[in-house]
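Written out below as structure tokens is the structure these notes cover.
The values are calculated or read from the model by the stated rules, or taken from the named source; none is laboratory data. All values derive from a computational prediction rather than experimental measurement. Cβ placement follows ideal geometry from the backbone for every residue including glycine, while neighbour counts extend to all protein chains displayed. These area figures cover heavy atoms from the full protein model, side chains too; ligands, DNA and RNA do not enter into them. Shrake-Rupley method; radii C 1.70, N 1.55, O 1.52, S 1.80 Å.
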Amino acid sequence: MKRLWWMIILVVLLLSGCIVGWVWSKQQQDLRKYNRVSINIHHEGNDDFLLEKDILNYLNKAQINPTGKYKNQIKTSMIEHELDDLSYVEKAHVYSELSDNIRINIKQRVPFVRVSNALGEQFYIDKTGVCIPLDNEHTSRILIANGNIFYRFEPDFDVNKKNSNGFINPLLHEIYEVASFIEKDEFLSAQIEQIYINKDREIELIPKIGNQTILLGDTSLLADKMKRLRYFYRYGIPKAGWNKYALINLKYKNQVICTKR
């Protein structure tokens, strides 16, 4: 029995020692200062909307630059949370290195369609479907969507967001859906430069070459419509020429209806 009690006392002492050691180590860590900040920004493509100087300026403005500050003054989780709130940041990962440096890894949002609404506002939709503001210092040569778009810009609004009635903003979702399809198709992305919403709220595509209008209607049977459009470009246009038709109508299933000039 005595032996059991001695073992219990020994375990308690060991655990207490570990806890005291951990607390002391934590206190010593908190009394150390961060040396410097290392920033790595992942850009997909050639559009650098975020630069290292932009992040440093934001850290200084928000008074959360950890350089020269004690570790108990600024936590990495706080920096991470603040950076995640920036419009062009998709995800931030912030951690402390053994050398007392702070490492910040940022994944930049990738705009892939520029929306110009009928209210005079312009904004981007990124590849995840999030609306972000234009950057006055950087421009991106990407697909344009304009026409009869009467929805106002809402920062960080997700066009894929739904409620019980469906998509909250169905038109912006359709624009995103069409833009996503074109962006992933190397052939179509080389042909199409604009998505236009006409007065009937139908989707039209404007090509880079030729004066014709391509009428999709809506996004139902989108893959089939795009398949017919690719077929027409590869086999119809070479025979008829780029400017023979004013309208290529893909609204109806299994049909390509062309209207001559």
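For region 183-245, applying the loop criterion from DSSP together with a ceiling of 13 other beta carbons within 10 Å to the trypsin sites (Lys or Arg not before Pro) yields 199, 208.
For the chain, the longest principal axis of the alpha carbon atoms and the long axis of helix 222-231 meet at an angle near 50°. Computing the accessible area with a 1.4 Å probe over protein heavy atoms, can you report the carbon and sulfur percentage for region 92-220? Using a 1.4 Å probe with all protein chains present, region 92-220 comes out at 46 percent carbon and sulfur. Rg and Dmax, both from the Cα atoms of region 28-144 and both in Å, are 16.5, 59. Summarised as an ellipsoid, region 188-261 has semi-axes of 17, 14, 12 Å, derived from the eigenvalues of the Cα gyration tensor scaled by 5 and square-rooted, with the largest first.
Just to confirm, what accessible area per residue do you get for the chain at 1.4 Å probe, in whole Å²? Walk me through the intermediate numbers first.
Values: 15560 Å² over 261 residues.
Per-residue value: 60 Å².
Report the percentage of all Cα-Cα pairs in the chain whose separation exceeds 34 Å, rounded to a whole percent.
Beyond 34 Å sits 43 percent of the P(r) for the chain.
Under 26 Å Cα to Cα from residue 208, which lysines show up? Leave out anything in the same chain fewer than 8 places away. Once the sequence-local lysines are set aside, what remains near residue 208 is 127, 184, 199, 225, 227, 239, 244, 251, 253, 260.
Figure legend: label point modelled 7 angstrom from the Cα of residue 107 along Cα→Cβ; residues of region 183-223 with amide N under 19 Å from it are 184. Note on residue 141 and residue 186: the extension gain reaches 14.6 nm, defined as 0.36 nm multiplied by sequence separation minus the Cα-Cα distance.
In sequence order, region 205-212 has phi-based couplings of 10, 10, x, 6, 10, x, 10, 7 Hz under the Karplus curve 6.51 cos²θ - 1.76 cosθ + 1.60, θ = phi - 60°, and Gly or Pro positions carry x.
Rounded to the nearest 5, the antiparallel percentage of DSSP beta bridges internal to the chain is 65%.
Amide H contacts for residue 160 (H built 1.01 Å from N in the peptide plane; partners 5 or more residues away or on another chain; cut-off under 5 Å): none found.
Net charge near residue 117: determine it from the other residues with C-beta under 12 Å of the C-beta of residue 117, scoring Lys and Arg +1 and Asp and Glu -1.
Values: positive: 114, 152; negative: 121, 154.
For residues surrounding residue 117, the net value is 0.
Excluding the site residues themselves, the longest part of the chain lacking any chymotrypsin sites (Phe, Trp or Tyr not before Pro) in a DSSP loop with at most 13 other Cβ atoms within 10 Å is 1-149. Could you compute the FRET efficiency for residue 152 and residue 258, with r as their C-beta to C-beta distance and R0 at 45 Å, rounded to 0.05? That pair, residue 152 with residue 258, gives E of 0.75. Taking loop as defined by DSSP and a crowding limit of 16 other beta carbons within 10 Å, which GluC sites (Glu not before Pro) in region 140-241 fit? Sparse-neighbourhood loop GluC sites (Glu not before Pro): 202. Once the other residues with Cβ under 11 Å from the Cβ of residue 147 are scored (Lys, Arg +1; Asp, Glu -1), what is the net sum? My count for the surroundings of residue 147 gives -1.
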